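Heads up: the structure comes next, in structure tokens.
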Amino acid sequence: MAITLLHTADWHLGAQLQGWPREAEHRKALASLVAIAASRAVDAIVVAGDIFDSLNPPAEAQKLLYDTLKALRAARPAATIVLLAGNHDPGGRIEAPRALFDLVNVVGVGAISRREGAIDTGLHLVPLRGPGGAVEAHLLAVPYPRAADLPLVEREVEGSAIVHATRALYAELIAAARDKIGDAPLVVTGHLHVAGGLESEGAERRILVGGEHAVPPDLFPPDVAYVALGHLHRPQWVGRESVRYSGSLFPMSKTEIDYDHGVTIVTIDGGAAQVEHVPLERPTPCLRLPARGVLAAKEVEAAFAALGLDPALAIDERPFVHLNVAAEGPVVGLDAELGALAEKYPIRLASLAIERPRHAPEAPAATTLRLCERQPVDLFREAFAFAHKIEPTPGHLALFHAAAAEE
């Protein structure tokens, strides 16, 4: 009989954007995820790492996780729920509630576990039951592999020793699983960067030891029915359609604004997997002003006004705005000026990029004149142009002469 699972990852509970909390967005997105789990009658929910945004998540983030687990259990009473630690997660916190998790069919795996040196399949191998209650597949629950989890490489190898060790770890895990289940359908998880996957600039860390962070997709043998990956925020498959990143729930940075965020629904029938991306409605608008290119500073207020937003919009409902501005004059104080302007409108300024003029004057050429032979106003002109990349205006010169006259 076929079994259906919901694959999600990279929730980053507790995250902020330029100091703005994102809890309201998380609540909306996770409520949508629960609704999808219910409407698609899934038999399992797999969260492939980076549940939290930091190793010491705030109490609100932990409460939101447990609220979501409660809602998922109410929506799908018999579904198996599996939580994997990612590189952002405190593995111990994922595993600490294990005694309680066991009572409600939730599995939390924070680190690679061994018994007498061998992989603890009792922890890592999770049976997945179909609608009739029979075991239809197994899930090999593998969290982010930390340095202590990787086997030692005792001889010289071609290419990266870290990638070689990661390959050896997965080979050991999969072999241990196959020893238990034979050729039954197997789902494998991973929280790492698989070569060929597209990163979000500035959003994801290069996470394997020593910067050798990308493993080849053939790490996962073809007899694995599906590979549920976490870490990269763009929904995508790598190598083959059944090796997939579900992506994050909504944009975590401005580079992710154009992503089609969502979750992945996987139907496994025998050894074959059918994969479907299900989009999530964006809980809060994330805007880039302008959509392409840059605005002149004098155009910013009109762009804010053109959004046509209700001034009474609650803080949590206000869109995030990523502003790109071309400087037409001195940049000193421009960020503060634009920040103050943004506060007059019902938006949340998430980032501000100021682009200096492209044809800036070159730095003053070296001169053989002695300082006593230079005119103070000429020195002022050169210093101003060097610092601000434009020539001083008559107003600047008038202020200079006024200051010089006071001496």
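The values are calculated or read from the model by the stated rules, or taken from the named source; none is laboratory data. Every value quoted in this text rests on a predicted model; they were computed, and no experiment measured them. Methodologically, a virtual Cβ is constructed for each residue, glycine included, from the backbone with ideal geometry; neighbour enumeration extends over all protein chains shown.
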Do we have any residue at all in segment 298-305 that's of a type outside the set (A, V, I, L, M, F, W, C), out of contact with any Gly (no Cβ under 8 Å at 6 or more places or on another chain), in contact (Cβ under 8 Å) with a residue 12 or more places away in the chain and not in a strand (DSSP E or B)? yes
Could you list, in sequence order, the residues of segment 78-108 that are in contact (Cβ under 8 Å) with a residue 60 or more places away in the chain and among the small types (Gly, Ala, Ser)? 85, 86
For segment 115-134, how many residues are exposed (fewer than 14 other Cβ atoms within 10 Å of the Cβ) and hydrophobic (A, V, I, L, M, F, W, C)? 2
Can you confirm whether segment 382-403 contains a residue that is at pLDDT 80 or above and touching a helix residue (DSSP H, G or I) at 6+ places or on another chain (Cβ under 9 Å)? no
State which residue pairs qualify: first residue assigned by TED's automatic domain parsing to the domain that holds residue 241 and outside any strand (DSSP E or B) and inside segment 175-194, second residue charged (D, E, K, R) and surrounded by fewer than 16 Cβ atoms within 10 Å (Cβ to Cβ) in any location, beta carbons under 8 Å apart, and separation of 6 or more residues or different chains. 183/223
Could you identify the single residue in 111, 75, 147 that is over 26 Å from residue 215 (Cβ atoms), among the aliphatic types (A, V, I, L, M) and touching a residue at least 24 places away in the same chain (Cβ under 8 Å)? 75
What number of residues within segment 143-193 satisfy the criterion of being modelled with pLDDT under 90, surrounded by fewer than 16 Cβ atoms within 10 Å (Cβ to Cβ) and either of a type in the set (Asp, Glu) or over 27 Å from residue 55 (Cα atoms) (or both)? 7
Have a look at 309, 313, 323, 338 and point out the one that is part of a helix (DSSP H, G or I), surrounded by 13 or more Cβ atoms within 10 Å (Cβ to Cβ) and in contact (Cβ under 8 Å) with a residue 12 or more places away in the chain. 338
Can you spot a residue in segment 209-230 that is over 30 Å from residue 284 (Cα atoms), in contact with a helix residue (DSSP H, G or I) (Cβ under 9 Å, 6 or more places away or on another chain), aromatic (Phe, Trp, Tyr) and at pLDDT 90 or above? yes
Criterion (under 30 Å from residue 393 (Cα atoms) and either surrounded by 15 or more Cβ atoms within 10 Å (Cβ to Cβ) or free of Cβ contacts under 8 Å to residues at least 40 places away in the same chain (or both)) met by exactly one of 330, 346: 330
Collect the residues in segment 87-109 that are over 15 Å from residue 62 (Cα atoms) and buried (at least 18 other Cβ atoms within 10 Å of the Cβ), keeping them in residue-number order. 87, 106, 107, 109
In this structure, is residue 248 modelled with pLDDT of 95 or more and buried (at least 18 other Cβ atoms within 10 Å of the Cβ)? yes
Do you know which residues across segment 326-349 are modelled with pLDDT of 90 or more and either in contact with a Ser or Thr (Cβ under 9 Å, 6 or more places away or on another chain) or outside the structural domain of residue 290 (by TED's automatic domain parsing) (or both)? 348
Suppose the filter is assigned by TED's automatic domain parsing to the domain that holds residue 70, among the acidic types (Asp, Glu) and under 20 Å from residue 179 (Cα atoms); does residue 89 pass it? no
